[in-house]
Amino acid sequence: MSAELTTAPSALLPDPDELSWADVQLPSLPLPTLPVPDLWGTPAQWAVLLSVLAALAGITLSGRSNRLAAWIGVGGALATWAATVWQLYAVTAAPGGRRASGTIGALPLGELDVPLGLVATWPLALIAATVATVATVVQVYARWYLWYDPRYRTFAATVSLFTAAMLLTVHADDVLLLIVGWEVMGWCSYLLIGHHSTKRAARRAAAKALLVTRTADIGFVLGLVMLAGGAGTTSLTRIVEHWVAVGQGPGLVVAMVLLVLGVAGKSATFPFQDWLPDAMEGPTPASALIHAATMVAAGTVVLTHLFPLLAITGPARLLLAVLASVTVLGAALLAFAQGDIKRLLAWSTVSQVALMLAALAAATPESGPDAAAQHLIAHAWFKALLFLTVGWLGVLVGGTAMTLVASGARRYRVLRRRLAWGLLGLAGVPPFVGFFSKELILGTAEAGAVSSGGVASVIVLSSVGAAAPLTAAYCMRAWLVLDRPTEAEVHAATYHQGEIERIDDFFDEPAVLHEAEGLERAESAISSSARLGTTVLTLMTLLGSVVAALPVWRNDIHLNVQLLVVTLLLMVVAAAAVALAARGVRTRDAGARVPAALSIAAERGLGFDYAYRLVVATPVVALAEALTWFDREVLDAWVRAGGVGTRLLGRTAQWLTPRRATPAMALVLGAVLVLAAVGVVTR
Amino acid sequence: MSLEVHLLSTLPVLAPVVAAVLVLVLDALVLGRRTVHLATAAVGLLVGAGAALPGVLLGAGDSVQAFCLASGECLYAADRLVSALQVAALLGALVVLVLAWPEWSAEGDRTPVVVALLLGATAGAASVPAAGDLGTLLVSIELATLPTVVLVALTDPRWAGERRARSVEGAVALLTTSLVSFGLLAMGAALWVAATGTALLGAPTAREPVLLLLASVFVLAGLAFKVSAVPFHAWTPITYVTAPLPITAYLATVSKVAALGALVVLVRALGAVDDTTLLAVALLAALSMTVGNIVALVQTDAVRLLAWSTVAQAGWVLLPLASLSSRAVHAAGSYLLVYIAGTLLAFVVVVAVARATRGGDTSLEAQRGLVRSRPLLALPLGLALLTLAGLPPAVVGLVAKVVALRPVVGDGTWWLAVVAAVNVAIGIAVYVRWLAVLLGPTGSGAEVAPQRHTPVAVWGLVATLSALLVVGSIVPVGVL
């Protein structure tokens, strides 16, 4: 598709074949070997432990004090953040950029070797630092957002536990720890999504998230158990070594396919995607945490751990490529049709997380899985920023429906840059962070497609290429709505245009405008710490690009400039088309051009909820009811009959028992005869 | 024929006998001082238990011996298991004595006689397991049995005539059954001598295997009545219900020690002669458990339920003896000790509750909601019931059941193991049914029990026995 479009730019740029990612990266500075003091425990251990302790302390010590709970939550998050930042420094000094540590010692499980180790490498340390940063901002923000919430204390503690689980998943070098982190995260997501437990919709969303992800977890756990069982160890490092040595076989294929299905559940990939938009029922900080850095990204982390196995398992790669590609495109389309900006962001998360998985599916052992990890980090910055800012806006305007948030970025100037940078990052516009990570994914897919990646890489390449303009389209749509001039501004512009001055009978228009501006400024007040948190995230959407250019990533990815330029052009075209479509709509919402039937179907997630009920929930419940009936009416009948029968036997025996001495004696003599006979006969 | 007499070694048996004589002498010397008699008896029992205690710490194969013949065989030999049984018998008798203390110290001039009879029976129970020959065994068994008949008949003179008549009926049932059993025992002894050519149980050689088998069946039948094994159990419910409650407790515990002691002697002797498994023991065990449990399931009176529970537990005590493994007798002994502790505790509480109610009501209904009304009595009773059922938190009961099943499973007698497993379930139903009554809502409240004062001694018994079970549940070392 690129042949006819890219003739012009290629003349201006150096020969694209010579350009590689290494040229864009920062030079690897010869860092002086800095001393790393040998502290007690490794930062990975501390990061997990501190979050767990913060959760425990939050739930036990805070009593009835929200203030204390906030101190514990934020303090724990900051301590965790310090540990992860220290880890970034410590990893530079670790030999081979890899630092392993234990946890509670190996478990004595007979033939199975269970070391329960943690590991920190460069990508993992960067992910951990990102998670900790986002978690800190979320804690700070939640203090403001849930100021009057009677269950804030529980919320803060759950966020701490959630962070701990994610950090455990990131650092786990052991199947058991991985599953622990994974499952704790699942349960915490249930608690966070269902935080407003009096709301029926929130309860349903929480239950749905739990059930859908747990259904997929069947595959996850089975796959990991197969891998660990085959290798005779639960250490991920040794599992990878063992299975790479064994090579592709039916066992590995089945295990990896199951694992991919489990990851698809947690990452809200097709066909499990429908729980994530519903999870918007949770409070905004919870959504930001779940969507940005933790739960949905966990699958990417797990597959990064096991990437060498995924790369040699063709069927699993292909499955992942197909699922992720369908999700990338489908979710981007659905995002465009949503009538609520929070749901738009939710579908964009589905799309972006699938993009990470697509990168993993397309990558070959030569290119490595780093593109996925980089997109994970990039996505964490702009998605957390967008969620928190939209949540802020929602508080100001009283909702997140498109009609409500229209002109939001104009009315509340403080939100303008945050929203703009976040959307630019999401769309992947240079020089924002999303641009680099998406180009890396494109580069990885392209490298895979031309070398040994096979059909999986080709599928991913085409879907990622097609997703870029779609992403740009829904970002443009959101921005047009948010940045619509306010009616006051429209009026003001009208007034100054003509020479005839309109006289209002009732009040002085400019004064009213002034007053309204002041009012809005007062309304948009937010706690300074929460505001600082969003500022940090805003900066990171730009500065995160530097992280992507750090020389710690694998740099042998070929950079295709033609492809890059084509993608950018497509994005521009898509954005222009959206702007065109938005003309004439009162809210400047291009989504209003979508036919109503389609729009409603999209908002309902294309009926997947019904499909889940039809395919999984209803048969399972029916089976459970049948089993209950069988248990109660058939099996229990025997048990009940046993009880009645024994009682009856007891009465009979009591009735037969002699009550006087004479028959008792007869019984004795008879028994002796029988016993003697038995003795002699069996002799 | 020279005889080496180590009289001091027989102190566990001798001490209660001496105490009995002392009680009778004191009765002639001091008139009307019941407390002195009771205290003397208590001291005698304590001295006996103290004398038997060092035997518990003996190593395997060692034993305390007395009345040794020139040929090396001894007519009295107490190894570790026997010593443990003796301690259990003597301390069990002491518990009964403390339990009966208020009644006996208030009674008329019968007290010395009753106390002497109790001591005599206990001496018999202590000497049975140590018996080394048939003569000693027969005499000890009778010494352990006949006084109990009188104890059953000698009821409180203040009781109603009808009630006392029933007691006599119970005593008669016990007497007739014990006489028939003694007859069988004597016949078995005669056959034994005919088959082996000696009355010694130590090292006989079987000359007539069939005759020996018949002999052992007869001896077994003679002993089974005492352990209340079905179908020699018929006296048990009759006598238990009619006897005074402390005497019932005595029959349910101390008498069982005598019976099991005799069985241990028999099984050891048979093991030395012949390695035939006694199918008869297995049959008795299976029958006792099953009949005892299913009849206990429909009882509405606590004492009657405990009587049938005794029958069922007798099956459990017999169970390991059905296999000829070396651990079998130890398993049976361990089970018996746990059973005695649990049953004594249950009896102590039942007596305490019955004394607090008008007319000594022992029905289960009278105990409804006991956990709320008298938790300090109900909780130990619950512990005792759980021990007998073999349910945690009374781990000691569970361990005892496992220990009793182990030789049977090791032997491969699967039909017996299956019967035992089924009986575990029925047994749980029996005791949990009682437990549910204790936990249930308090009765309609029409007759609020007059909270009569429970003596400190009874509290002491409850505390001691409960502590024993709790410690046994935490560290079941002695049982294993």
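The values are calculated or read from the model by the stated rules, or taken from the named source; none is laboratory data. Here the structure is a predicted model, which is why all the values come from computation and not from measurement. All Cβ positions, even for glycine, are placed from backbone atoms using ideal geometry, and neighbour counts span all protein chains on display. In case anyone asks, the SASA skips ligands and DNA or RNA and just uses the protein heavy atoms, side chains included. Shrake-Rupley method; radii C 1.70, N 1.55, O 1.52, S 1.80 Å.
The label-point distance for B:SER326 and A:ARG604, in a model that sets each label 7 Å from Cα toward Cβ, rounds to 8.0 nm. Taking accessible area as the heavy-atom solvent-accessible surface of the protein chains with a 1.4 Å probe, which residues of region B:142-181 lose no less than 10 Å² upon going from the isolated chain to the full protein assembly? Hits at the 10 Å² cut-off: B:GLU169, B:ALA173, B:THR176, B:THR177, B:VAL180.
Size of chain B from its Cα atoms: along the principal axes, largest to smallest, the extents are 70, 59, 41 Å.
Counting only protein heavy atoms and a probe of 1.4 Å, the accessible surface of region B:277-480 is 71% carbon and sulfur.
Interface size, chains B and A: roughly 2500 Å² of accessible area buried, both sides included, 1.4 Å probe, rounded to the nearest 100.
Average accessible surface for chain B: 35 Å² per residue, computed with a 1.4 Å probe over protein heavy atoms with every protein chain in place.
Computed from point charges on the beta carbon alone (+1 for Lys and Arg, -1 for Asp and Glu), the dipole magnitude for the protein assembly as shown about its Cα centre is near 2740 Debye.
Surface composition of region A:612-682: carbon plus sulfur atoms hold 75% of the accessible area, using a 1.4 angstrom probe and ignoring ligands, DNA and RNA.
Helical runs (DSSP H, four residues minimum) scored at -39500 (n - 2.57) apiece and divided by the length of the protein assembly as shown put the mean residue ellipticity at 222 nm at -24000 deg cm²/dmol. At the listed q of 0.08, 0.10 Å⁻¹, the Debye profile of chain A, built from one uniform point per Cα, gives log10 I(q)/I(0) equal to -0.64, -0.94. Its Cα gyration tensor gives the protein assembly as shown an equivalent ellipsoid, and the semi-axes of that ellipsoid, as √(5λ) in whole Å with the largest first, are 87, 34, 26. Each Lys or Arg adds one and each Asp or Glu takes one away; over the other residues whose Cβ falls under 13 Å from the Cβ of A:VAL212, this sums to +1. With kT/(6 pi eta Rh) evaluated at 37 °C and eta = 0.692 mPa s, and Rh the Kirkwood radius from Cα pairs, region A:612-682 diffuses with a coefficient of 192 µm²/s according to Stokes-Einstein. Restricting attention to the protein assembly as shown, the count of lysine pairs at 8 or more positions apart or across chains with alpha carbons under 23 Å apart stands at 14. Rg/Rh for region B:277-480 (Cα atoms only, Rh after Kirkwood) is 1.01. Largest accessible area first, the listed residues B:ARG368, A:ARG317 line up as B:ARG368, A:ARG317 when surface is computed with a 1.4 Å probe on the assembled protein chains.
Per residue, region A:612-682 exposes an accessible area of 71 Å² to a 1.4 Å probe, with every protein chain left in place.
Binning all Cα-Cα separations of region B:90-180 at 10 Å, short to long from zero, yields these whole-percent fractions: 16, 42, 33, 8, 1. Using the heavy atoms of the protein chains and a 1.4 angstrom probe, tell me the accessible area per residue for region A:285-386 in square angstrom. With the other protein chains kept in place, region A:285-386 gives 13 Å² per residue. Positive end of the dipole of chain A (Cβ unit charges, origin at the Cα centre): among A:THR313, A:THR471, A:LEU259, the Cα lying farthest that way belongs to A:LEU259. Mean per-residue shielding of peptide A:58-65 is 0, counting Cβ atoms of other chains within 10 Å of each Cβ. Here is the short version for the protein assembly as shown: A:CYS188, A:CYS475 have no other Cys C-beta closer than 4.7 Å.
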